[in-house]
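Asker: Quick one: the structure is below, and I'll ask about it shortly.
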Amino acid sequence: MDETGLNFKLLPRKTLATAKEKSAPGFKVSKERITVALCSNASGSHKLPLFVIGKSAKPRAFKNLDMSKLPVYYRSQKSAWMDSHLFKEWFICEFVPKVKSHLLSLKLPVSALLLLDNAPTHPDELTCEGETGIKLYFLPPNVTSLQQPMDQGVIECVKRKYRRKLLSEVLFKLENDEQTDLIQVLKTINVKDVILMVAKAYDEVTALTITKSWRKVWPDIEKAFEKDGNNLGVPDLEHETEETVEILSDLMRLPHTEDIVEQDVLEWLTAEKELDNEVLNDKEIAQSVLQRQDTQDVEEEDDVDGEVDDEGQMSHAEGVAALQLATTYIEQQTTSTTVDVMFLRKWHEYARKKAIEEKVQRKITDFF
């Protein structure tokens, strides 16, 4: 397991100018960030849901949303940093139950070793009461970039895929609304959108990529998996050269990006490495502890983040109309399957029944 910072609205510097200006002098790079922790076994067959840490306990984008349905394990911290309290909670409430369940489902003994770097936020005194088979092992100091498996390509792969999805979202909104500009589009992207995109990016990371990332810490990993008939092949980062070219092509569709080159793409993809190496000093740690509040009391994010408060929960009648359109669209696609259509029709029928139940019988006097 390892965590990384994600500036979720960060774009290359050369794309900051809007269509109404030739340049953006003095424009500050977006520093809106979350912390994302990735955890997987060596074979990549069991990827735990991403552990996402934001600044707000209940962002406006989560209004009327059951947070247990999120595809990630979401928690909040005032600065969106990992701390020992959050790590302990994740380890006890998320890691141990899911690993135990996974092992039991495979009829294997409950035995696991969690590999971590020795950051102050990972308390070495942490133990798993009642589960003697689950232990923690801390890497030596200053070797995270050299031996931490997640840092050998998995984190970078997730960020690359997230950048592609962010870019696609921005381009879609720009090309479908000629009245808006780049800055306005970025303001409409909220924490919920980011969580869905980064979770999807992590889902797309293959088991092969994760397995290859273990080579430095476990040189004999090939022999371990060749027994099962797996051929790991030559290490790569999922054809990163081709991906860089595709990203460059997408970036050039943004306003005022005629001069952007491949080097700009590479700088953009690696722009957050300093976040992963940042360590809080004693004063900052003390201040963080003193200011820490119960997660239920954390204030919602300010309006400057561009998140718009939801007008309210969708009615069942609105759901019927939306699902009908979605079903029609899916049925017209050549790549859709019967399962896709049946799934949508199931929810369409559910919404229709609920809409009927909500209707109140009209009185006869209403017709006069």
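Asker: Considering amide H positions built from the backbone, and no H for Pro or chain starts, which residues 5 or more places from residue 134, or on another chain, come under 5 Å of its amide H?
Answerer: Excluding prolines and chain starts, which carry no amide H, the hits are 112.
Asker: If one computes the Cα centroid of the range 172-227 and of the range 104-157, what distance in Å separates the two points?
Answerer: So the separation of the two Cα centres works out to 22 Å.
Asker: Another one. Can you figure out the FRET efficiency of residue 188 with residue 69, using R₀ = 25 Å and their beta-carbon distance, to the nearest 0.05? Walk me through the numbers on the way to the answer.
Answerer: Numbers: r = 22 Å, r/R0 = 0.89.
So, using R0 = 25 Å, E works out to roughly 0.70.
Asker: Could you pull out the GluC sites (Glu not before Pro) across the range 94-156 that fall in loop regions by DSSP (anything but H, G, I, E, B) with no more than 12 other Cβ atoms inside 10 Å? Don't jump to the answer; show the numbers that get you there.
Answerer: Details: sites: 94, 125, 129, 131, 156; in loops: 125, 129, 131.
Answer in residue order: 125, 129.
Asker: Can you give the accessible area of residue 172 in Å² (nearest 10), computed on protein heavy atoms with a 1.4 Å probe?
Answerer: Around 130 Å² of this residue is reachable by solvent.
Asker: To the nearest 0.05, what FRET efficiency results for residue 173 and residue 110 with a Förster distance of 41 Å applied to their C-beta separation? Kindly include the intermediate steps, with their values, before the conclusion.
Answerer: Numbers: r = 47 Å, r/R0 = 1.15.
The computed FRET efficiency comes out at 0.30.
Asker: If packing is taken as the average number of other Cβ atoms within 10 Å across a peptide's residues, how do 100-113, 136-149 rank, most packed first?
Answerer: Working: 100-113: 12.4, 136-149: 14.6.
Listed from highest to lowest mean packing, they are 136-149, 100-113.
Asker: Same structure again: Taking H placed 1.01 Å from N in the peptide plane, check which residues at least 5 places from residue 32 or on another chain put their amide H under 5 Å from its amide H.
Answerer: Under 5 Å from the amide H of residue 32: 9.
Asker: Using θ = phi - 60° and the Karplus form 6.51 cos²θ - 1.76 cosθ + 1.60, what ³J(HN,Hα) does each residue of the range 66-77 get, whole Hz, x for Gly and Pro?
Answerer: Here the 3J(HN,Hα) series is 6, 5, 5, 8, 5, x, 9, 9, 9, 9, 10, 8 Hz.
Asker: Tell me, what is the 1.4 Å probe accessible area of residue 347, in Å² to the nearest 10?
Answerer: The value for residue 347 is about 110 Å².
Asker: Continuing with this model, one more query. Please go through the residue pairs 192/223; 31/63; 31/354; 31/216 and name each one whose alpha carbons sit more than 31 Å apart in this structure. All intermediate terms of the calculation are to be shown ahead of the outcome.
Answerer: Values: 192/223 41 Å; 31/63 24 Å; 31/354 43 Å; 31/216 33 Å.
Check vs 31 Å cut-off fails for 192/223; 31/354; 31/216.
Asker: OK, next. Peptides 114-123, 317-326: what's the order by average Cβ count within 10 Å, highest mean first?
Answerer: 114-123, 317-326
Asker: Given the pairs 47/88; 47/212; 100/200, which are separated by over 21 angstrom at their Cα positions?
Answerer: Values: 47/88 19 Å; 47/212 15 Å; 100/200 24 Å.
Result: 100/200 exceed 21 Å.
Asker: Could you work out how much longer the chain between residue 7 and residue 142 gets when fully extended? Use 0.36 nm per residue separation minus the Cα distance between them, nm to one decimal.
Answerer: 46.2 nm
Asker: Same structure, new question: Using a/c under 1.5 as the rounded threshold, could you call the range 68-205 rounded, prolate or oblate? The axes a ≥ b ≥ c are square roots of the C-alpha gyration tensor eigenvalues, and prolate needs a/b larger than b/c, oblate otherwise.
Answerer: Since a/c reaches 1.5 and a/b is larger than b/c, the shape of the range 68-205 is classed as prolate.
The values are calculated or read from the model by the stated rules, or taken from the named source; none is laboratory data. Predicted model only: the values in this text are computed from it and were never measured. Cβ sites come from the backbone with ideal geometry, for glycine too, and all protein chains shown count toward neighbours. Areas reflect the complete protein model, heavy atoms only, side chains present, ligands, DNA and RNA absent. Shrake-Rupley method; radii C 1.70, N 1.55, O 1.52, S 1.80 Å.
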